[in-house]
Structures are given as C-alpha cells and as structure tokens.
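The values are calculated or read from the model by the stated rules, or taken from the named source; none is laboratory data. This one's a predicted model, so the numbers in the text were calculated from it and none came from an experiment. FYI the Cβ positions are ideal-geometry reconstructions off the backbone, even for glycines, and counts take in every protein chain you see.
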Amino acid sequence: MILQLRSAIALLTCWCLLTTVSAAAANIGLVITNGDVQVDGMSVPGSAVIFSGSRIATGDGITNLRFSDGTSALMRPGTQMTVYREHSVLLQGVTMQRGLDRHPIIANGLRISGATPNAAVLVGVKDESHFDVAAQGGDLEVRTSKGNLVARVIPGRDLSFTISQAPAGTPQNEVQLCGRLGDNNQLSDFYTTVDYQLQGTELERFHGKTVEVSGLVVNPSATPNVVNVSSIRNVKTCAVAAAPGAAPAAARIASGVGLLLIALALAGLGVGIYYAVTSQGAPPATPIVP
C-alpha cells in the first residue's frame, strides 16, 4: 500500500513538473496596458503573460508588448495582432516595434524584418490589401513568404503596399523599375532601393542614364535579382509616376510619387499577385518605440 502511494506521488510530481515546463516553454512575453486590451477574447487588467498564438486586441489605449527575446512593441488603439515566438502577424491597426532582426512582423502575407540590428518599424495595416511601413534606426527588408525581396525600407522614407490579383495573362515575376543604370548593367530601383541585374540587348547605350524598365525576373531568389529586359527608355526623373495606362488596372494607385509592380505566382495556385509599392517621402509618424 505504501509502495503504491509513493508511486502515485512520484507520478503526480512528474506530471506537475512537465506541466510547468510546458507552460514556461509556451510563454513568450508580457502584455502591459493602462487601458482596455483583450487576449484571446478575454479582457486583461494591467498585465498578463502571453503565449505563442495569442491574439491581442487593443481598445482605447496604447498597449506595450515585451517579448522574451528582448524585443518590444507598442500597439496603438484599435490594433489586432497575433503573436508567436518567432514573429508577429499584424491583422489590423498600427504597431511600432524595435528589434525586427530578431522578431519580424508579417503584414498581409509579407514579412518585414530588420536588415540591421535594432532597426525599428512603424507598420499600419488598413485592410487585407493595403499597409504602410516606415523605418527608424536601420534598414528594413520586405519579403514574400518564399523569401523573395520585394522592397527595402530606409529611414526617413516610408512605403505603401497595395496587394491585388494580377490581370489574367500577366507574366509571372514581371517588374517595372526606375533608376540610374550603371556600367555593369545594375540598377537600384528608385522606389524600393532593391538592386537588379539587367540583361538584354543594347543596354550599354543607357549606361549612366535614368531609365524606366519593364521585364521579367529570371530568379527572384538571386542576389541581385536578374531581369530580362523587355522595354527600356530614358526619363528625366523617377519622381514622376508612370503615365496613365502604363500600369495594370489591378495595381493602380491613387497617390504617391511612383510605383513598382511585381507579379509573383502563388505556389500551386497559378494565381498572380501584384505587390504595388508607393513611395511617399517622409513617414506619416516618427516610429518611436521602447
């Protein structure tokens, strides 16, 4: 009888230890607020532990997130975000975060990460097709789920992203670029600061000039991306948006000084998606983050 009791106590002790270790492993940080915030649909007063997969929705106050990896974020009122150990998914609203090199943010399927340590970001998701990004303290990279580089965001220059289904018949990996063509046929796109290696005929006569280029990316994962040029022409400046009708209607943007169009195929679906990137100069707000 005593032996059976000892065995039962030992099993109970082991179960409690396993439960404690499992809970500690799932714990990814804290949510701290002076206002109204919900975690997984339940109101949280003051502060609470958050776990991988927790969905956080702010009310009328600013909420502070402290992750166990040392990164931190501020969620503005009316913001919804799902947090994980490796990243966060911004569903709606505005968040400011430092440490994107350790804890990226995903917005509308695009991954925003820090290209330099301690880079800070201000991200605002308007809906399922539009979001804005501004950087402070370091450069950011915006990539697809496959890792293809869509844009680089540098401090002092925000970018707006519009995502839409490409028109039927649009070639995969089509791009429209603008920038100065170097002697090595490399071009740094004015709007996204992404470098491209151009290949085509008679490109040498455009060396040292500002050009608008249309073409197809041969390998989106290459560095720099290699583009087969289908058309190229001289322009005075890239600060003027493309002429009406030059951009597919599915990616038309109402404001901004320019745009980049990238049509990428979704694996297994055969559906083209346009990522239209608009540069708007100074960021809408300084992303001051803890």
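Working only within the stretch 55-71, note down all residues that are polar (S, T, N, Q) and either outside any strand (DSSP E or B) or surrounded by fewer than 20 Cβ atoms within 10 Å (Cβ to Cβ) (or both). Full working, then the answer.
Taking the stretch 55-71 and keeping what is polar (S, T, N, Q), we get 58, 63-64, 68, 71.
Once the filter is applied, which keeps residues that are polar (S, T, N, Q) and either outside any strand (DSSP E or B) or surrounded by fewer than 20 Cβ atoms within 10 Å (Cβ to Cβ) (or both), the stretch 55-71 yields N64, S68, T71.
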Lone qualifier among T33, T63, T71 - being under 22 Å from L110 (Cα atoms), in contact with a strand residue (DSSP E or B) (Cβ under 9 Å, 6 or more places away or on another chain), modelled with pLDDT under 95 and of a type in the set (V, I, T): T71
Would you call L30 crowded, with 18+ Cβ neighbours inside 10 Å, touching a Ser or Thr at 6+ places or on another chain (Cβ under 7 Å) and not basic (K, R)? no
Considering only the stretch 162-174, state which residues are at pLDDT 75 or above and surrounded by 21 or more Cβ atoms within 10 Å (Cβ to Cβ). T162
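Before we move on, is N118 modelled with pLDDT under 90, in the same structural domain as E86 (by TED's automatic domain parsing) and at positive phi?
Values: modelled with pLDDT under 90: yes; in the same structural domain as E86 (by TED's automatic domain parsing): yes; at positive phi: yes.
In short, yes.
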Flagged pairs (Cβ under 6 angstrom, 6 or more apart or on separate chains; first in the stretch 35-48, without any contact (Cβ under 8 Å) to a residue 24 or more places away in the chain; second of a type in the set (D, E, K, R) and not in a loop (DSSP other than H, G, I, E, B)) are D40/R55
Can you name the residue in the stretch 134-148 that is closer than 19 Å to P117 by Cα and within 10 Å of the chain's Cα centre (by Cα) and is also modelled with the lowest pLDDT among such residues? R143
Please list, ordered by first then second residue, the pairs with beta carbon atoms under 6 Å, 6 or more apart or interchain, first in the stretch 82-102 and outside any strand (DSSP E or B), second among the charged types (D, E, K, R). R102/D69
Residue list for the stretch 86-110, restricted to those being surrounded by fewer than 23 Cβ atoms within 10 Å (Cβ to Cβ) and closer than 20 Å to G41 by Cα: V89, L91, Q92, G93, V94
Restricting the search to the stretch 126-157, which residues are farther than 22 Å from G93 by Cα, buried (at least 19 other Cβ atoms within 10 Å of the Cβ) and either among the charged types (D, E, K, R) or not assigned by TED's automatic domain parsing to the domain that holds T79 (or both)? none
How many residues does the stretch 190-221 contain that are within 17 Å of K236 (Cβ to Cβ) and surrounded by 16 or more Cβ atoms within 10 Å (Cβ to Cβ)? 7
Can you name the number of the only condition in (1) at pLDDT 90 or above; (2) over 15 Å from M75 (Cα atoms) that G124 fails? (2)
